[in-house]
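Since every read-out is calculated from the coordinates, none of them should be taken as a lab result. These numbers come from a predicted model, not from an experiment. Positions of Cβ are backbone-derived with ideal geometry, glycine not excepted, and every protein chain shown enters the neighbour counts.
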Amino acid sequence: MILIVDDKPENVFSLKSLLEQHSFTTDTALSGEEALKKTLRQAYALIILDVQMPGMDGFEVAEILAGSSNTKDTPIIFLSAVNTDKKFITRGYFSGAIDYIVKPIDPEILLLKVKTFNKLYEQNRELNLVQQHLKSEIEFRKIAQLKMQEKAQELHSILESIPQIAFTATTGGTIDFVNDKWYAYTPSTHYFPASHPDDPHIMEEWKKAVLAGEPMELETRIKTNNQSHFRYHLLRAIPIKEEGKIVKWVGSFTDIEEQKQAIKKKDEFLTIASHELKTPLTSIKAYVQLLGELIPTENTAKPYIDRTLLQVNKLDTLINDLLDVSKIESDKLQFELTPLNFDDLLNLTLDIFHKIYPSYTIIKKGNAPVSIKGNAVRLEQVIINFLTNAIKYAPDSREIHVLTELQNNQLHFAVKDFGIGISVENQQSIFNKFFRVSESAPHIQGLGIGLYICSEILKMHHASFGVKSEPGQGSVFYFVLPVIDNHQ
Ligand code: ADP
């Protein structure tokens, strides 16, 4: 907006009309005092100022405007009846643009000057806006950087205080901080400590995790600079995300040598104990079986012999399971896979099961008279395990469903019970060694190895397997095996 200042209303009117005809917006003042008041409330792109006015003249007004921070840069065009001394005009008015026009006014020249000043004003305004924006952007970045530095420092002090070896890395996986303990294992700040030659290469595993953007967990042996023997460590690294984007990685190595040794000792003990127990138990079983056959059915001792045999069989299964676990641990669980008819195998297994647990009803749904490649003894072991669990963990039910189905040349087998069920959280762990959901059935005994053995057997059959369950709604344990062509 342009402010026209003149004490003569007719002059003001003609200037206003001229400028508005050319699309400029205008404001007017009939004295220097009025003009100053207006500049306090409103910023103008240009002030056209008559020099000769009663009271405060144009120069005085210009000097005051030059002294105020609001108006010091506002350009002024003086309208003067006489040729004005330039020195006088510039007095106290250095910073703003200034010009003058001699009366009578030549409208074309006035318009040209107004346009130029107006353009300058617009450009200035835009520049100021850009500058302001830049300034606040710089401020914002400075604050953000400072906050990041503070956060990083906080994280580094935490990592220095923990007993583990710890590090942080950039989004791309370059290590950018290591704590003091790190240097006991490697002098390098950028490379991981060297792992045992038989263990996975840490750097390769690390690159894979960074590429996938997934947390990493790796058991590996590393050693300190001045020791010759390696100790097991658990390397854990997690990506730190902000607004869904990875901004950093934090990782640590925890010494797990003692746990590893304890597990090894426990495994060794279990192997030795089960081997030592197996031999006498085999003899006991044979003698009890013999006794059972020798004693006539009507003998009062007969039920006791039968019960003894039942318990001996349970003990035998337990010891066999423990032996299987130690075989799995030492990679010695081996068996052959041969083509076999799944329905035959299932019917035979259900017969055996029915003899042991005659009071349970097994409802068989579906048929699968197809060939699969498997080991009959081991698959029977898996099915019996699923069925025994279906009894154990469904104390109020006497019914079990066994389902077989063919889908896309795959055999789907499932055992469904109506028991206590398993929470989603626990479903992830039940196939792990020694895992038991103790809180849901504290009175039911077990070692938590049956499903672990099943999972290993099924893996060796290249089968997929799992459980579907809800607490209180029963469970469905299943496996899926590829069907083979009978001619294979
Ligand atoms: P165990 O029965 O000796 O504990 P398993 O390996 O067979 O060992 O089973 C592991 C755990 O899975 C069990 O302790 C139990 O908590 C849970 N589980 C297994 N089968 C079932 C089932 N049918 N219903 C509910 N929970 C089950």
Rounded to two decimals, the Rg over Rh value of the range 285-333 from Cα coordinates and the Kirkwood Rh reads 1.24
Ratio of the range 366-488's C-alpha Rg to 2.2 N^0.38 Å, to two decimals? 1.07
Give me the net charge of ALA463's neighbourhood, meaning all other residues with Cβ under 13 Å from the Cβ of ALA463; Lys, Arg count +1, Asp, Glu -1. +2
Could you derive backbone 3J(HN,Hα) for the range 201-210 from the dihedral phi with the Karplus parameters 6.51, -1.76 and 1.60 (θ = phi - 60°), listing whole Hz in sequence and x where the residue is Gly or Pro? 6, 4, 4, 5, 5, 4, 4, 4, 5, 5
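Can you give the Kirkwood hydrodynamic radius for the range 115-218, in Å, rounded to one decimal and based on Cα pairs? Could the numbers behind the result be given before it?
Working: mean 1/r = 0.0559 Å⁻¹.
Computed over Cα pairs of the range 115-218, the Kirkwood hydrodynamic radius comes out at 17.9 Å.
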Which angle between 0 and 90 degrees, to the nearest 10, do you get for helix 450-460 versus the longest principal axis of the chain when only C-alpha atoms count? 80
Of the trypsin sites (Lys or Arg not before Pro) in the range 305-339, which ones lie in a loop per DSSP and count no more than 12 other C-beta atoms within 10 Å? LYS332
Can you give the translational diffusion coefficient of the range 317-415 in µm²/s, computed by Stokes-Einstein from the Kirkwood radius over Cα pairs at 20 °C and 1.002 mPa s? 145
Distance between Cα centroids, the range 307-351 to the range 128-196: provide it in whole Å. 54
Using alpha-carbon coordinates, inclination of helix 302-329 to the longest axis of the chain, degrees: 40
Return a whole-number percent for the relative contact order of the range 338-486, with Cα pairs under 8 Å and 6 or more residues apart as the contact set. 26
Kirkwood Rh, Cα atoms: Rg over Rh of the range 364-424: 1.01
Any idea what log10 I(q)/I(0) is at q = 0.17, 0.19, 0.20, 0.28 Å⁻¹ for the range 1-40, Debye with uniform C-alpha scatterers and no solvent? -0.40, -0.49, -0.54, -0.91
Distance from the range 1-33 to the range 238-261 (C-alpha centre basis), Å: 73
Note down the relative contact order for the chain as a percent, whole number, built from C-alpha pairs under 8 angstrom at least six residues apart. 7
When the distances between all Cα atoms of the range 162-255 are binned every 5 Å from zero, what whole-number percent does each bin get? 3, 14, 26, 27, 17, 8, 3, 1, 0
Around GLN52, which amide H atoms from residues at least 5 apart in sequence, or from another chain, sit under 5 Å from its own amide H, with H modelled in the peptide plane? GLY58, ALA81
Of all GluC sites (Glu not before Pro) in the range 299-400, the ones in DSSP coil with at most 12 other Cβ atoms within 10 Å are GLU336
Suppose we look only past 21 Å in the calculated P(r) of the range 2-128. What percent of the Cα-Cα pairs does that tail hold? 32
Name the residue farthest towards the positive end of the dipole of the range 260-329 from the options LEU309, THR271, LEU291, assuming +1 on Cβ of Lys and Arg, -1 on Cβ of Asp and Glu, about the Cα centre. THR271
Residue pairs, from the table LYS223/LYS248; LYS327/LYS459; LYS8/LYS119; LYS181/LYS241, whose Cα atoms sit over 23 Å apart: LYS223/LYS248; LYS8/LYS119; LYS181/LYS241
When you take every Cα atom in the range 259-310, what is the radius of gyration, and what is Dmax, the widest Cα pair distance, in Å? 17.5, 56
Regarding the chain, what's the average projected area of the Cα-atom convex hull, expressed in nm²? 45.5
